Amino acid sequence: MLFSVGLTSGDPGSTKALNAVPAIRTETTAVGRAVGATASGVAGEAPALYDISSISDSDLKRIIPVAILVIGLLLALVLRSLVAPLYLIASVGVSYLAALGLSVLLFIKLGHTGGLVFFLPFLMFIFLLALGEDYNILVMTRIREEARRTELRPAVVRAIGRTGPTVTSAGMVLAGTFAVLAFEAGSGPSGSQVRDIGFGLAIGILMDTFLVRTLLVPSTVALLGRWNWWPSHLARASEGEAGGEPPGERAGAPAAMR
């Protein structure tokens with residue numbers, strides 16, 4: 001027997017409709033057993049979206065630790081440090097959570113929509129992790145090169161001045177591309193989903209470009225000092241310089257004594 005029913009929650013893709021699916025399936029299974037049915041099930045758009053959402057959440061829980069581990073190993077090899085990868089990955093996590101929270105505020109709290117498209121957290125994490133660490137490598141390798149020739153804080157200022165225009169322009173172009181996608185495709189049949197994805201990724205990219213890469217990462221580097229490069233030789237060299245007088249004064253002292 002087949003029963004065609006509709007959800008009182010409205011849009012089958014809304015959060016309310018998806019949350020109703022488990023209870024509907026439980027009730028259907030109970031009725032099927034009561035009447036002696038050999039099989040029973042619930043089909044339709046809402047159950048299908050619920051299944052996809054559950055699979056996406058499950059995959060995200062598996063992918064996050066694997067992606068963090070692989071990216072952390074690559075950063076450690078490139079930067080020759082065990083400390084820098086920790087706060088660089090943490091900076092991406094802060095950017096991701098902030099962008100996701102801001103999307104919830106804009107679309108759900110202020111826009112009064114039924115919820116975000118269920119695979120936005122998955123896309124946002126993977127995209128911001130890849131993009132953020134790409135920018136991290138660009139900025140941190142430049143800081144490391146400058147730190148070999150001068151003190152750390154001037155090296156940070158010089159490195160940000162050299163890489164800043166590249167990171168900023170790339171971030172603005174990419175964020176603008178996603179914003180245009182959201183505006184152009186937002187009026188189609190799946191307009192709300194495309195809008196969530198486009199604006200959500202644009203928000204995350206802008207936050208990563210102007211806050212994390214421009215302020216958070218350079219400030220952390222300046223505060224940690226020589227510990228950024230531990231245990232590489234650059235950390236030991238910085239420690240030696242920090243524990244004594246500046247190189248010019250040490251070189252001039254014997255001449256003055258003579």
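Just so you know, all these numbers are worked out from the coordinates, no wet-lab data involved. Everything quoted here is computed from the prediction, not taken from an experiment. Here Cβ is always computed from backbone atoms with ideal geometry, including for glycine, and neighbour counts include all displayed protein chains.
General observations
- Site pair S40 and N19 shows an inter-label distance of 2.5 nm when each label is modelled 7 Å from Cα along Cα→Cβ.
- Residue-span extension gain [V180 to V157] - 0.36 nm each, minus C-alpha spacing: 4.9 nm
- Within segment 45-233: Cβ-based charge dipole about Cα centre, in debye rounded to nearest 20 (Lys, Arg +1; Asp, Glu -1): 920 debye
- With the simple spin-label model, which puts each label point 7 Å out from Cα in the Cβ direction, the I108 to L74 separation comes to 3.1 nm.
- Rounded tilt (10° steps) of 120-147 against the dominant C-alpha axis of the chain: 0 degrees
- Our estimate of slack between S219 and I63, defined as 0.36 nm per intervening residue step minus the Cα-Cα distance, is 53.2 nm.
- A prolate overall shape is assigned to the chain, the ratio a/c of its alpha-carbon gyration tensor axes (a ≥ b ≥ c) being 1.5 or greater and a/b exceeding b/c.
- Full extension of the segment from S56 to V5, taken as 0.36 nm per residue of separation minus the current Cα-Cα distance, would add 15.7 nm.
- Between the helical axis of 84-104 and the longest alpha-carbon principal axis of the chain there is an angle of about 40 degrees.
- Nearest-ten-degree value, helix 233-242 long axis tilted from longest Cα axis of the chain: 50 degrees
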